[in-house]
Structures are given as structure tokens and as C-alpha cells.
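Notes for the one structure printed next.
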There are 2 protein chains.
Amino acid sequence: MMKNINIGIIGVGVVGSSVIKILQENKEIISARAGVNLVVKKGIVKDLAKIRNVNIPLSQNIDEIFNDQEIDIVIELMGGVQEAYEIAKKALQSKKALVTANKAMLAYHRYDLQKIANDIPIGFEASVCGGIPIIKALKDGLGANHILALKGILNGTSNYILTQMIQNNQDFSSALLDAQNLGYAEADPSLDVNGGDAGHKLLILASLAYGIDAKPQDIIIEGIESINSDDIEFANEFGYSIKLLGIAKKEENEIELRVHPAMINKNKMISKVEGVMNGISVIGDRVGETLYYGAGAGGDATASAVISDLIEIARGKSSLMLGFENSPHIPFSLKPKDSIKTHYYVRLLTIDKPGVLAQIASILSKNNISISAFLQKESKQKNTAKILFATHITTEYAIKNTISEIKKLDSILQEPYMIRIEDE
Amino acid sequence: MMKNINIGIIGVGVVGSSVIKILQENKEIISARAGVNLVVKKGIVKDLAKIRNVNIPLSQNIDEIFNDQEIDIVIELMGGVQEAYEIAKKALQSKKALVTANKAMLAYHRYDLQKIANDIPIGFEASVCGGIPIIKALKDGLGANHILALKGILNGTSNYILTQMIQNNQDFSSALLDAQNLGYAEADPSLDVNGGDAGHKLLILASLAYGIDAKPQDIIIEGIESINSDDIEFANEFGYSIKLLGIAKKEENEIELRVHPAMINKNKMISKVEGVMNGISVIGDRVGETLYYGAGAGGDATASAVISDLIEIARGKSSLMLGFENSPHIPFSLKPKDSIKTHYYVRLLTIDKPGVLAQIASILSKNNISISAFLQKESKQKNTAKILFATHITTEYAIKNTISEIKKLDSILQEPYMIRIEDE
């Protein structure tokens, strides 16, 4: 007889229901892999009246899980930050292993949890890129490497919107509406499109790659809301695709972390990650580039990741949560935002009159920025011009200075817009 | 003070030297991840006179490793099948953990080793696709899933050759010569181009996906040696790329395993794996498609995988070698070769005279095979024609029958050539 491991699920929504269903439907192969039977003993829900298609006992009383000595693993799928953190803590304090898909909570509290957990396993494969086993790849598979760079399409909703904008000439709002109709975006899609969700995930990956404890407010996080067809045309013209990327880079002992739309070479593998799919390119100093691709969301894909954690815990083979067995002596620190360097694309709308270009050029020159590509286009509005250009490598500090100076010119008719170019 | 774990390496060639170098150069981050210092105490070589750029004690006497009570892990990097198996066995019998990159040995002896090992860890991440952590992905990350299909570009040399043939119109021999000059192919490249190497790797992956114990002689293994520019033009015309694929598919409880060149839709992610790179697309019944991409060979990439196994062993978190904790009750069996079904492309060289096509069509019809695409081209040889066609789904049995009947026609001037089409 195979041993049972009992599980309590807190939050029986889309992902929770998928976990229950898959554990039942794929029971035989999962048990063969785990060496035990994984049994969901109880689910905790807020609303007992709501009809759910699951055949396990449900309750509103969360203590029925914490106080149940037979429950070995708690799966937290309720979402939110503070309340979820309290519950995660309580699970660990009750000596139960924890599995969570909650990237927002982990973005703030992953080191707190690691500390509380001590030797109790915590699985969070589902928190980043759903079904792609990127947590295990960084924590285990690439352990021999210094991670030189990581570039990830970490949010499927925004990737779907950008793909629609690029391939079907949709504008942002109509592509977003499509995403909502298809169920890819929430009713409130702000975290998807403003980079917040990708930021949470990048911070988790950065802990695995570098042992670095950064919070959302410490890093550049920008969204895709202001991208328009001019930007897409410019990108196309110069051989780029536009993606919302989570980027981590190591230079000596400084780590830069940032989430923003980026122009990237169309021929790169990561550019080929389209629609609602996710993909992460990781450059190790020894292994070179490896890339991971798959569904980043959806009940079954996320549940697949949750269950992979359950199997790992059942096998008794969990290493320290964030991948560094010893408190990292690695002296990595977060690079200040202003000193990050890259190429930039800038879009301006100006009055079409002599001298404007000279003024702009003079500001660029004063800030020591040189141009690598330039496009001036007619605008629909009379007597106005669109000026689109790309720069050679410069700093965030210099480009922001430049833009704020350009913005002050009388001839500038619209907030200047900037997209970073990731060229190497 | 961190504990040392001592390692003995058998075979200090390209990969062995990389392992030693990376363990020294990336010592700090590897120790932080592993929680111990990984120290190579001794290397065993055949020729002590050969100059090697490593600073560890070398010996020709392999017993110095087996008899050394301080050595905890043996890395087998000598290659070959039978001798390597004997050494692997001896390592396990000496109660030392084993790490091996030897896919040929594993293709024959992986279940023997698992049995001997009992609770002693065996790592073999380096045996398939070098630096890509595909072993861990299948063993751990996708554990919730039935693997419906797996399609892998598992050999970089043949992928390089095919990419050259497709992109630069090279013929097979000149592309192979280039691969040899670039160091991608061995002096004897037969296992790379005849599918043998990819076959070894596919068998290892099939054990992780299905717990199935097949040997090279049990499965279809074909190489890329006979592909010519007609095949590539046909593929191009109909939107296909040609790749040497290792394919595993599950239908009910039958598993088909095969390695051969295949035409695949150009727009699939896996088609975009070019040059010497490797890539594996895995379809899980719950997670959908995930894809893994990276360098499949080279000293440092392979060493990266070897070291990931060392870290896993050092952390004490190794699960049973082939991923099924209990002897698999899963009733998967190998599908007989003849009943495998797919689409086929066939190239014929015929005498150009009335009636030939009718003869061919009649044989196809008799075997119940219908045509989905057809191209007749002039041949350089006078009075001859090239006939290229693709079929709807049929069985290996039917296509082989058909080809052997067509071959007997007086008008056929050359051995017919067939490439499978993987269309879904």
C-alpha cells in the first residue's frame, strides 16, 4: 500500500479546481512519480454557496486545515498580499509544507517566508510563468553558472496585446478588449499591462539567480499602455519586435533589474514567443543561452506547476526555498536605476518648423547622446511632425535628463515617449 | 567552515577539464548553492603524458578512486558502452554517487544501473542536450502530466548540417565537412548523422516520460545522409523545415519512439532551433506545449549539466534515477514499428515516359494511400523525371510496402527516398 500525503487547499478557484481534478484524473502516473498518493483532504473557500465542480470537502474555516494533524501540505491559492502572507506564515508555523502560486505575495515576502520555513519545504514553481519549470531550471539546472542575463516574457496578457498590435495593426485599447473577451485579461487588467505582474515575477527569478532581495519599488517597472503604431512601425523598419520584458543583468557584482517594453531583434528566439505564451531566455556564463517556453497562465498549466511542487515535497527532496543553501556570501547589489545603460528609442510630436531639429540635436549633444537611427514622418495633424530616433548606448540618467529638457521646448506638442532597445 | 564533498573524475578530456575549471572558477556561487565545497580530488586518465590544462592530481589507476573512502561522487566521462558500464557499476558498488554524461551507455544500461544503485544517487543531466536541463524538466517539472508527445532536436551536428543545407544550399557532404572543420562533428561522425546519437538520447527521455525500457534496436532510427536539395525544395514549397527529430508519442497505452529526419511546419517554435543548437518540444496533457532550447554539446555547456547534478547530490535531494519512485504500474508498451502512423514524403527518380505515373498511382491506391501534395520536376538527366509527393496519414507498414513495390517497377532509376512529415 502506498502512503497517502494529505493536502489542504486554500482558495478553490480556477487553479485550485484544476489541481484537484488533475490529482484525481492523473492519479496513477502522479503516484508512480511521487511514490505516494497525493490526496486533497479539504478546500477552504470564502463562499460555500458558490457552485464548484469539485468533489472534496469544502469549508470556510481555515483552522480546519491548520489544526488537522493529518494534513502535510498547504496550497495557498487565494491571492492578495498581506492576508496570503499571514496564512502562509501560519501554515509554516503549523509545520506544514507550503505551495503557493502567489507572485505578488512572494515579491514582498519571499525572504520572510524562507526565514520562517527553516527546513520546511516551500514550493512556488507556479508563481512564475505557469507551466514552464523555470524556477527549477534556475534553482537546480543552471546552478553551475553565473547568470549573466535573463530576459523574460513573463506576462501572457501583455504579450497577446503586443502580438495583436504588431501582427494585426490593432491599437492598444482594442487589443486589450480582445484579450478581455478571450479571458486572457482580468476585468481590471492594470497589473498585466503596467508591468506590475511581470515585476513580481522578475524579483522572484532574481532571487534564484543572484540571491538578491529587491522589492517592486526598487526597480524600473513600466507598462505597455502608451505604445502606438508609430513605435511599432519604427521597430519593424529597423528589424525589431516589441515585447514587455523582465530583464536581469549582471555586471561585475552589480545586478540591474527592470521591466519595460523593449525593442529586440526579430531574429532572436525570444522574439518568436507570440500571443499569450511566455518565454525566458537565460544566459549562463558557462552554458550560454538556454530558453524556456510555454503557457504562462491558465488553470491546468498553473496546476501542473503546483503539482510538480507537491511531487518534489512528497519525494522529500526540497532544497532551501530560494536556491542558496548558505546565506549568500555573494556580494551582489542592486544597480542604481540611473546608472543602467542601454539603447533608447524616442518618439516626439513637434511643430513642423525650421530650427526644431537643431534644438533637439543640441540637447542630445549636451547630454552626450548620439543617434543611431532617425525617422521623421508627417503627422495627420497639420504643421506637425513625428520625430522618431534611436540612440547609441547611454545611461538612464542621461536619457531622462534629455527627455525632460526636450519636453520643455515650445515646439513639443505631446509627452515624449521612450522605449528601451535591447540590442545584444 | 563548509564541508567538502570529494569527487573523482574518470576521463579528463574536454568535458572533464571544463568541470574542473568551472568548479574552481565559479567556486563561490556553486558552494553557496550546494551548501558544500565540491572538490575534485583525483582524475583518472589513460595517458599521463598528455598535457592537460588542469591542476588536480592525475592517475592511471582507477582503483585509487574506488578505494578512496573520502571520495563521495564519481563522474564517468570516459565514453564507450561496456567498459563505462562496468566502471559505473563499480562506483555504485563502492557506495559512491555516480554522475555520467554517457548517453550510449545509458541507452543500454540505464535500468541496470537504477537497479544496482538502490538509494545511491545517479545524475545524468549531461547525457541529453548538454546544457539544457531537460532531464530535470521531465523528471520533476512536468510530473503532473501524461506526456502526449515529445519532439526533440537532440543532435547539434546534424542540425547544423541541415541548417546549412536549407539556408545556404549546401549539399550534405560539404555541410558535413564544414561541421567537422568547425569542431561540431567528430572525425567519425556516423552516430551524429545516422541518428544513433539522437536515438540514445530519445530512449533516455522516454524512460523519464513513460518509464519504458526500450533499446536502440527496438525503435526506428534513420539518419540524414540521403537528404538532397529536391527534398529541401519540396519542404520549402509546402511550408516545411527539415529537422532530425527524436519523437515520442503516447496513444492510449502505446508509446511510439522514433528518430528520423522529419518535415515540420516552419512556423512551429521547434523549427526555429537552428545551427548547432538543440531544442525539445514537450506536450503535456495538462500544461500543453513547453519548449526547451540551448547548446547541446561543448565542454562548458556539458560541464554545466554535470555540475547541476553534483549540486543536487550535495543537497541530498536526488529522487530515483529514472523518475518513477515506484516500479511503474503504468502499463505502457512500445508500439510496433509497423503500426506507427504519420504523413510521408516520397522522392522518386523515374524514366520520363507515358504510363509511369499510372503505375505508381495504382500501387498507392492498392495500399490505400492517398496523395496530399504532388510535384513533378525535370531532372538534369535526359528523359528522366523527379516525382515528389506527400501522403495523407498512413502506416509505416503501408508506406514500406508501397515503396518496395514501386522500387520493382522498371521505370524507377534510383532507390526511392522517404521522409516522414510531422504535421500536427
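Proximity of backbone amide H atoms, modeled 1.01 Å from N, is registered between B:ALA185 and B:GLN180 at under 5 Å, excluding neighbours fewer than 5 places apart on the same chain.
Taken residue by residue and averaged, Cβ atoms of other chains lying within 10 Å of the Cβ of B:133-140 number 6.
Measuring nothing but how far apart in sequence close Cα pairs (under 8 Å, 6+ apart) lie, relative to its length, chain A scores a relative contact order of 17 percent. Counting from the shortest, the label point at A:GLN24, 7 Å from Cα toward Cβ, is 5.9 nm from the same position in each remaining copy.
Put simply, when A:45-52, A:281-288 are sorted by average Cβ atoms within 10 angstrom per residue, most first, you get A:281-288, A:45-52. The distance linking segment A:129-176 with segment B:390-415 is 45 Å (Cα centroid to Cα centroid, whole angstrom).
Exposure proxy for B:GLU251, A:GLU396: other Cβ atoms within 10 Å of each Cβ, ordered fewest to most, give B:GLU251, A:GLU396. Shielding value for A:289-300 is 6, the average number of Cβ atoms from other chains within 10 Å of each residue's Cβ.
Phi angles of segment A:114-130 translate, via the Karplus equation with coefficients 6.51, -1.76, 1.60 and θ = phi - 60°, into HN-Hα couplings of 4, 5, 5, 5, 6, 9, 6, x, 10, x, 8, 3, 6, 6, 10, 6, x Hz per residue; Gly and Pro are given as x. Using only side-chain charges placed at the Cβ, +1 for Lys and Arg and -1 for Asp and Glu, the dipole size of segment A:338-422 relative to its Cα centre rounds to 200 debye. Projecting the Cα positions of B:GLY80, B:VAL54, B:LEU92 onto the charge dipole of segment B:44-97 (unit charges on Cβ atoms of Lys, Arg, Asp and Glu, taken about the Cα centre) puts B:GLY80 furthest along the positive direction. If you run the Gaussian network model on chain A, springs between alpha carbon atoms under 10 Å, then out of A:GLY79, A:GLY355, A:GLY294 the most flexible one is A:GLY355.
Within a 10 angstrom radius of each residue's Cβ in A:303-314, how many Cβ atoms of other chains show up on average? Whole number is fine.
Details: counts 3, 11, 5, 1, 6, 9, 4, 2, 9, 5, 0, 3.
So the per-residue partner count for this stretch is 5.
One Cα centroid belongs to segment A:193-271, the other to segment B:233-261; the line between them spans 35 Å.
Put simply, the amide H of A:LEU38, placed in the peptide plane, has neighbours under 5 Å in A:ILE5, leaving out anything fewer than 5 places away on its chain.
Compactness of chain B is given as radius of gyration and Dmax, 23.7, 86 Å, from Cα positions. Label-point distances for B:PRO57 to the equivalent site in the other copies, using a point 7 angstrom along Cα→C-beta, read 6.2 nm when ranked shortest first. Across the options A:SER370, A:GLY298, A:ALA358, the greatest Cα extent toward the positive end of the charge dipole of segment A:262-420 (unit charges at beta carbon of Lys, Arg, Asp, Glu) belongs to A:ALA358.
So what's the net charge close to A:THR402: Lys and Arg +1, Asp and Glu -1, counting the other residues with Cβ under 15 Å from its Cβ?
Result for the local shell: +3.
In chain B, the calculated helix contribution to ellipticity at 222 nm averages -10000 deg cm²/dmol per residue, counting -39,500 (n - 2.57) for every DSSP H run with n ≥ 4.
Which percent, nearest 5, of DSSP beta bridges in chain A are antiparallel?
Just about 65 percent of them are antiparallel.
What is the order of A:TYR293, A:TYR397, fewest Cβ neighbours within 10 Å to most?
Ascending number of Cβ neighbours within 10 Å: A:TYR397, A:TYR293.
Entry note, segment A:338-422: relative contact order of 49 percent, from Cα contacts under 8 Å with a spacing of 6+ residues.
Can you tell me which of B:ASN155, B:ASN401, B:ASN194 moves the most in a GNM of chain B? Springs connect C-alpha atoms under 10 Å apart. Top of the fluctuation ranking is B:ASN401.
What you get for chain B, charging only the Cβ of Lys and Arg (+1) and of Asp and Glu (-1), is a dipole of about 260 debye around the Cα centre. Dipole magnitude for the protein assembly as shown: about 220 debye, using +1 per Lys or Arg Cβ and -1 per Asp or Glu Cβ, origin at the Cα centre.
Taking other C-beta atoms within 10 Å as the exposure proxy, A:SER333, B:SER94 rank A:SER333, B:SER94 from fewest upward.
The packing ranking, built from the mean of other Cβ atoms within 10 Å per residue, places the peptides B:370-378, B:346-354 in the order B:346-354, B:370-378, highest first. Relative contact order of segment A:4-127: 25 percent, from C-alpha pairs under 8 Å at least 6 residues apart in sequence.
Placing a label point 7 Å from the Cα of B:ASP119 along the Cα-to-Cβ direction, the distances to the matching points in the other copies come to 1.5 nm, shortest first. For A:ALA297, the residues whose amide H sits under 5 Å from its own are A:GLY131, ignoring neighbours fewer than 5 places away on the same chain, with H placed 1.01 Å from N. Comparing A:ILE204, A:ILE65, A:ILE360 in a Gaussian network model of chain A, where Cα atoms under 10 Å apart are tied by springs, the biggest mean-square fluctuation is seen for A:ILE360.
Rule-based calculations on the coordinates, nothing more; no lab input. Remember, predicted model here, so these are calculated numbers, not experimental data. So basically every Cβ, Gly included, is an ideal-geometry build from the backbone, and we count neighbours across all protein chains shown.
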